[in-house]
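To start, the structure itself, in structure tokens.
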Amino acid sequence: MATIRKATPADQPKTIDLLKQFPPDPELPKLNWDDAAKAFATLVEGHRGCIFVAEEGADIVGVVTLGYSYVLRFGGIYAMIEEFIVSEKMRGKGIANQLLQTAIQEARRMGCPELQVNGPSPLGRPVYLSNGFHEAGLHMKIQL
């Protein structure tokens, strides 16, 4: 069983390497991993969200990031899962469930009335559903 913990600055290279395993997204053709490294530092500090990693030995084998938005209708913050991945070699071992349950607990701890995810992948969708998420419609976006 993997150990789930908040990421530290030292986790940045391994975490970014794992995120690079996401399937290519035609909506995001120009990802800049240097920008991701800067964002990692902000999230690790806890100012706009947080990062949890699943660690097996010396390897980072899973990641879930939470972002916090501040909105009127909730009278404060709610949480959004922004990235969620388990390395291919570690899938099917319950790590995704561990990460999601940790994200849910953290959102509750922060006083969020809701935890959202937009556009889950075909691999992620069943994991979300088995952890209590439900379908809530479509999302839209525009590239800026």
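Tabulated results
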| quantity | calculated |
| --- | --- |
| Estimated distance in nm for a label pair at Leu72 and Leu138, the labels positioned 7 Å out from Cα along Cα-to-Cβ | 2.6 |
| With eigenvalues of the C-alpha gyration tensor scaled by 5 and rooted, the stretch 20-144, Å | 21, 19, 17 |
| Share of carbon and sulfur in the accessible heavy-atom surface of the stretch 2-69 [1.4 Å probe, %] | 54 |
| Per residue accessible area of the chain, 1.4 Å probe, in Å² | 64 |
| At R0 = 22 Å, FRET efficiency that the Cβ-Cβ distance of Met90 and Trp33 yields, to 0.05 | 0.50 |
| Sequence ranges 31-37, 59-65, 11-17, ranked by mean other-Cβ count within 10 angstrom, highest first | 59-65, 11-17, 31-37 |
| Between the stretch 66-144 and the stretch 1-45, the Cα center-to-center distance that results, in Å | 16 |
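The values are calculated or read from the model by the stated rules, or taken from the named source; none is laboratory data. Given the structure is predicted, the values throughout are model-derived calculations rather than measurements. Note: ideal-geometry Cβ built from the backbone for every residue, glycine included; neighbour counts use all protein chains shown. All accessible areas refer to the heavy atoms of the entire protein, side chains included, with ligands and DNA or RNA removed. Shrake-Rupley method; radii C 1.70, N 1.55, O 1.52, S 1.80 Å.
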